[in-house]
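> Submitted below is the structure of interest, expressed as structure tokens.
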Amino acid sequence: MLNLLITPDFPPEFFAHWHMFNTQLQRALDTAIRLQTPTGYREQQDLLDSETVALVYANPFDAGSLMRDKGYIPLAKPDLPSDQVLVVANAQSAFATLGDLPADSRVLVTANCDIERIGLDVLQGTEITADTVQWLHARTFTELARRLMANEAEIGLFLASSFRSLNAGTQGSLKILFETEFEDFGHVMLLHPDFADQADKLRAALLNMAQAPVSRMTLEDLGMAKGFVAAGGAGDGKRDDGEVQDGQAEAETVVEHQTADMAQAASTAEAEQTTAAEGQPENG
């Protein structure tokens, strides 16, 4: 039996759709798959640390770490535009740009592996540094939004897809100070290296799901109507024996793409802060 862990990025109404997705994937593979839907990121990490999880639908704040540190192999990703990172504040706050944030800002984040590193990259060029920032951790993006509305922090970091799945009232109580322009950043289906011999079979099943009308409806319900495409430079899923054994080449490709995107975002943020500062009238 395989197990499939779904990152807790999604609203509760998606749970039924993920169960249907799992049922259809089992039928396509003729293999039993146990679905795991942790309610928060700490629970997710506990599961990943305590047992061998064959398949992980990971968000980009965790994917790089899982590939680097645990050897997970990227199989497929949704055929969607790149996700982004949002820097969000309470709508009633005085902050209008990243340049308004104090050095000792309290920053709410979810408890993902790479979130603090990515957050510092996004905030590069502001007064906030690794030495001055105050990290506060939330169990889910929904909790993060609630605590930001309660003024428990100056800003919070969201995945754009997760922020835009919040209800209209919650979104209206918050404001976006900055949005990245990543080119290759998003959720990805990963495979534990212990199951590398099944990589081609699993990838093919994921890529073919959009071809079946019933599965296509489930994918639409999950917000990925076009289904999956191969991830990490995997092409059509045909790889040589060395790549099937450890997937390291694909992991390095994905991590390099994300690192380059974060560097570009940091440069953009720094340029925007410089422009904003030059446009401010001098006192006196």
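Here, each number is a calculation from the coordinates, and none is a lab measurement. Computed from a predicted structure; not experimentally measured. With ideal geometry, Cβ positions are generated from the backbone for all residues, glycine too; neighbour counts draw on all protein chains shown.
> Within a 10 angstrom radius of the beta carbon, how do Met67, Met149 rank from fewest other beta carbons to most?
Going from least to most buried by this count: Met149, Met67.
> Right, next: Quick check on packing: order 93-101, 112-120 by the mean number of other C-beta atoms within 10 Å, highest mean leading.
Descending mean neighbour count gives 112-120, 93-101.
> Fewest first, what order do Lys70, Lys77 take by the number of other Cβ atoms within 10 Å?
If I rank by nearby Cβ atoms, fewest first, I get Lys70, Lys77.
> Given points 7 Å out from each Cα along the Cα-Cβ axis, report the Glu13 to Asp194 separation in nanometres with one decimal.
Reported label-point gap for Glu13 and Asp194 is 3.7 nm.
> How do the peptides 189-198, 213-222 rank, highest first, by the average count of neighbouring beta carbon atoms within 10 Å per residue? Can you show the working numbers first?
Values: 189-198: 18.8, 213-222: 16.1.
Top to bottom by mean Cβ count within 10 Å: 189-198, 213-222.
> Now for a different question. By count of other Cβ within 10 Å, fewest leading, how are Asp200, Asp30 ordered?
Asp30, Asp200
> Right, another one. Relative to the present Cα-Cα distance, how much length would full extension add between Ala168 and Arg42 at 0.36 nm per residue of separation?
Contour length minus Cα-Cα distance gives 42.6 nm.
> Let me ask something else about it. Subtract the Cα-Cα distance of Gln134 and Asp79 from 0.36 nm times their separation in residues, and report this length gain in nm to one decimal.
16.2 nm
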